[in-house]
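Undergrad: A single structure is presented below for examination.
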2 protein chains.
Amino acid sequence: MEVKKTMQAVKILVVDDEAPIRDMLRMALELRDFEVLEAGDTRQAYQQVVDNSPHLVLLDWMLPGGSGVQFLQRLRKEDLTKQLPVIMVTAKHDEDNKVQGLEIGADDYVTKPFVPKELIARINAVLRRSGTLTPDAIITVDGLKLDIACHQVSIDEHVVEIGPTEFKMLAFFMSHPERVYTRSQLLDHVWGGNVYIEERTVDVHIRRLRKALEPSQPDQFNYADLIQTVRGAGYRFSVKAAG
Amino acid sequence: MEVKKTMQAVKILVVDDEAPIRDMLRMALELRDFEVLEAGDTRQAYQQVVDNSPHLVLLDWMLPGGSGVQFLQRLRKEDLTKQLPVIMVTAKHDEDNKVQGLEIGADDYVTKPFVPKELIARINAVLRRSGTLTPDAIITVDGLKLDIACHQVSIDEHVVEIGPTEFKMLAFFMSHPERVYTRSQLLDHVWGGNVYIEERTVDVHIRRLRKALEPSQPDQFNYADLIQTVRGAGYRFSVKAAG
DNA sequence: ACTAGGTGTCATAATACTGTCACAATAACC
DNA sequence: GGTTATTGTGACAGTATTATGACACCTAGT
């Protein structure tokens, strides 16, 4: 048995009419584990936005026909896409354009040519600022899946009802397997900072979590067994132990 | 149950007296997900324009009876169709015709024989230029349909009365299913940016939305169930859950 | 001005979750 | 085996969170 952590990739839509530039950007972005969507014109771009809801748009300033500006304006007009972060990319070093782009609602501005590193930095900055970047971790141990973005635990695709504290505790355990944590440490990490709670309370929540992980069918694997008691020390989420 | 996002197809009216050519065009266009309307003469063409309001017209230069030119002139005279983009298609390589066509008001000009790719490119260009292309997203979950352009929600083809805020919220949820959003995030995405509103207000609108989605007949599916509350976290629009 | 619908806020009811305790069960150690 | 320390368990009452109905305000259309 083994722990798998999956980061739901941040999707970035690259809008540029020149394929070579798209390729270059794709390479730079995929190296950083971004998922890249492409569009060569505004129609495709809009289609991508609707179909795949990217987390961020890299938009070329100069697009044939309707320029990128129009596309940006449209995004900003529509309720659904008002929040979508956009970084303008342009060959023009013109300051006026920069101002105009930012006024319309671009979140940042990059001028060609640029070093990939700078672009990545700006992307991260924008994502951080906009709060879009909620690293959607999905942690998996065999059939046990914990999805933080969906705030959901499931066993073999079957949703498990679980309380908030139990959820946090399981999330903590699954991201720190094998290691033993004292009740006091668990209070710190799961409950957070300064709480004045009996240490024995941890036991109760451990029990609730175990109960939640028990299989509905008796012949299924019991994931509750992964939560081990270490007498005199605390608890441990062990993946090696079973399976 | 499953989320389907649909781009309301761009309707293109093909006006040509030769059926084989219409077929050829239909094939090329439908491959690109355009919706194709056909007309063999100007009378049919006009009828199609009135009945189905296409987004663009592909007009053959040489039509029996009234030529394509006359049809185009008529379109340009009428207020309702002044803006309708028209691409002339002709077998004549005659430059004069080209000029004449453009003067009357054709937006572009293609000579037979042409490669489909070029035609598609020109269509996209014209649509982009004219701004006519407003691909209207429609999101569907089973019998629940949300049409952004029409600003309308319907359940099993039956229109649901719904307020603006509820509409936006449903639209947001349907384009981001499964994921949990905090009240604060919902305020950001649905209300937009900087608003100073109580978080509890979200609850009230959630309730209004749920109420709106309740079935009129008690035996119908209750789409309100798709909106789940996640205690301590926020709300989630889950499609997997039910069905 | 008047209506009608939509919005945000509040008070209160309805729930779900928590922390704690008492006691049972188990392990460790003599 | 007997004793003690530690953990498991069920119950319960308090607490926090959410659902709901009511209301006053606002805005647009008449």
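Undergrad: Does the range B:209-243 hold any residues that are near DNA strand D (Cβ under 9 Å from one of its atoms) and on the phi < 0 side of the Ramachandran plot, and which are they? Step through it out loud before you land on a result.
TA: So the first thing to find is which residues in the range B:209-243 are near DNA strand D (Cβ under 9 Å from one of its atoms), and the list is B:210-211, B:224, B:227-235.
The answer is B:Arg210, B:Lys211, B:Ala224, B:Ile227, B:Gln228, B:Thr229, B:Val230, B:Arg231, B:Ala233, B:Tyr235.
Undergrad: Would you confirm, using the coordinates I've provided, whether A:Glu161 is under 24 Å from the mean Cα position of the chain (by Cα) and open to solvent by 40 Å² or more (accessible area, probe 1.4 Å)?
TA: Criteria met by A:Glu161.
Undergrad: For the range A:162-187, which residues satisfy the criterion of being within 14 Å of another protein chain (Cβ to nearest Cβ) and over 19 Å from A:Val141 (Cβ atoms)?
TA: A:Gly163, A:Pro164, A:Thr165
Undergrad: Could I ask something else about it? Looking for whichever is closer than 25 Å to A:Ala149 by Cα and open to solvent by 30 Å² or more (accessible area, probe 1.4 Å) here; the options are A:Lys240, A:Lys168. Which one fits?
TA: Working: A:Lys240 fails: closer than 25 Å to A:Ala149 by Cα.
Unique residue meeting the criteria: A:Lys168.
Undergrad: Just need a number here: residues in the range A:164-187 that are away from DNA strand C (no atom under 12 Å from the Cβ) and under 15 Å from A:Phe237 (Cα atoms).
TA: Kept after step one, since they are away from DNA strand C (no atom under 12 Å from the Cβ), are these residues of the range A:164-187: A:171-182, A:184-185.
After this cut, where a residue has to be under 15 Å from A:Phe237 (Cα atoms) as well, the list is A:171-182, A:185.
Of the residues in that region, 13 qualify.
Undergrad: If the requirement is being more than 24 Å from the chain's Cα centre (by Cα) and at pLDDT below 95, which of these qualifies: A:Ala242, A:Ala149? Break it down stepwise before answering.
TA: Working: A:Ala149 fails: more than 24 Å from the chain's Cα centre (by Cα).
After applying the criteria, what remains is A:Ala242.
Per-residue answers, yes or no, for (1) open to solvent by 80 Å² or more (accessible area, probe 1.4 Å); (2) within 18 Å of A:Val159 (Cα to Cα); (3) touching a strand residue (DSSP E or B) at 6+ places or on another chain (Cβ under 8 Å):
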position	(1), (2), (3)
A:Val180	no, no, yes
A:Trp191	no, no, no
A:Gln217	yes, yes, no
A:Tyr223	no, yes, yes
A:Tyr235	no, no, yes
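Undergrad: Still on this model: Filter the range B:78-111 down to the residues that are of a type outside the set (A, V, I, L, M) and at pLDDT 70 or above and list them by number.
TA: Taking the range B:78-111 as the starting set, the residues that turn out to be of a type outside the set (A, V, I, L, M) are B:78-79, B:81-83, B:85, B:90, B:92-98, B:100-101, B:103, B:105, B:107-109, B:111.
Within the range B:78-111, B:Pro85, B:Thr90, B:Asp107, B:Asp108, B:Tyr109, B:Thr111 meet the criteria.
Undergrad: Which residue pairs have Cβ atoms closer than 6 Å, lie 6 or more positions apart in sequence or on different chains, and pair a first residue in the range B:199-223 that is of a type in the set (Val, Ile, Thr) with a second residue that is more than 9 Å from DNA strand D (Cβ to nearest atom) and not in a loop (DSSP other than H, G, I, E, B)?
TA: Hits for this filter: B:Val202/B:Leu186.
Undergrad: Looking at A:Leu29, A:Leu59, which one is open to solvent by less than 10 Å² (accessible area, probe 1.4 Å), at pLDDT 85 or above and away from every other protein chain (no Cβ under 14 Å)?
TA: Working: A:Leu29 fails: at pLDDT 85 or above.
The match here is A:Leu59.
Undergrad: So, in the range B:2-51, of the ones that are small (Gly, Ala, Ser) and closer than 23 Å to B:Trp61 by Cβ, which residue ends up farthest from the chain's Cα centre (by Cα)?
TA: From the range B:2-51, those small (Gly, Ala, Ser) are B:9, B:19, B:28, B:39-40, B:45; that's our starting set.
In the following step, the residues that additionally are closer than 23 Å to B:Trp61 by Cβ were identified as B:19, B:28, B:39-40, B:45.
Details: B:Ala19: 27, B:Ala28: 19, B:Ala39: 22, B:Gly40: 25, B:Ala45: 21 Å.
Restricting to residues being small (Gly, Ala, Ser) and closer than 23 Å to B:Trp61 by Cβ, the top hit is B:Ala19.
Undergrad: How about the range A:193-214: which of its residues are open to solvent by 40 Å² or more (accessible area, probe 1.4 Å) and within 27 Å of A:Asp142 (Cα to Cα)?
TA: From the range A:193-214, those open to solvent by 40 Å² or more (accessible area, probe 1.4 Å) are A:193-201, A:204, A:207-208, A:210-211, A:214; that's our starting set.
Selection gives A:Val204, A:Arg207, A:Arg208, A:Arg210, A:Lys211, A:Glu214.
Undergrad: Ok, one more. In the range A:12-26, which residues are of a type outside the set (A, V, I, L, M) and open to solvent by 50 Å² or more (accessible area, probe 1.4 Å)?
TA: As a first pass, look at the range A:12-26 and keep what is of a type outside the set (A, V, I, L, M): A:16-18, A:20, A:22-23, A:26.
Within the range A:12-26, A:Asp17, A:Glu18, A:Pro20, A:Asp23, A:Arg26 meet the criteria.
Undergrad: While we're on this one: So which residues in the range B:8-54 are in contact with a strand residue (DSSP E or B) (Cβ under 8 Å, 6 or more places away or on another chain), of a type in the set (Val, Ile, Thr) and assigned to a helix (DSSP H, G or I), if there are any at all?
TA: B:Ile21, B:Thr42, B:Val49
Undergrad: Only one residue in B:Val195, B:Val202, B:Val190 is β-branched (Val, Ile, Thr), within 10 Å of DNA strand C (Cβ to nearest atom) and more than 14 Å from chain A (Cβ to nearest Cβ), so which one is that? If you could, list the steps in order and put the result at the bottom.
TA: Working: B:Val195 fails: more than 14 Å from chain A (Cβ to nearest Cβ); B:Val190 fails: more than 14 Å from chain A (Cβ to nearest Cβ).
The conditions single out B:Val202.
Undergrad: Looking only at the range B:164-182, which residues are in contact with a Phe, Trp or Tyr (Cβ under 8 Å, 6 or more places away or on another chain) and within 12 Å of DNA strand D (Cβ to nearest atom)?
TA: Those that are in contact with a Phe, Trp or Tyr (Cβ under 8 Å, 6 or more places away or on another chain) and within 12 Å of DNA strand D (Cβ to nearest atom): B:Val180, B:Tyr181.
Undergrad: Which ones in the range B:32-55 are open to solvent by less than 50 Å² (accessible area, probe 1.4 Å), within 18 Å of B:Arg122 (Cβ to Cβ) and modelled with pLDDT under 85?
TA: B:Phe34, B:Pro54, B:His55
The values are calculated or read from the model by the stated rules, or taken from the named source; none is laboratory data. All of these numbers come straight from a predicted model, not from anything done at the bench. Positions of Cβ are backbone-derived with ideal geometry, glycine not excepted, and every protein chain shown enters the neighbour counts. Surface accessibility is based on the protein's heavy atoms, side chains included, excluding ligands, DNA and RNA. Shrake-Rupley method; radii C 1.70, N 1.55, O 1.52, S 1.80 Å.
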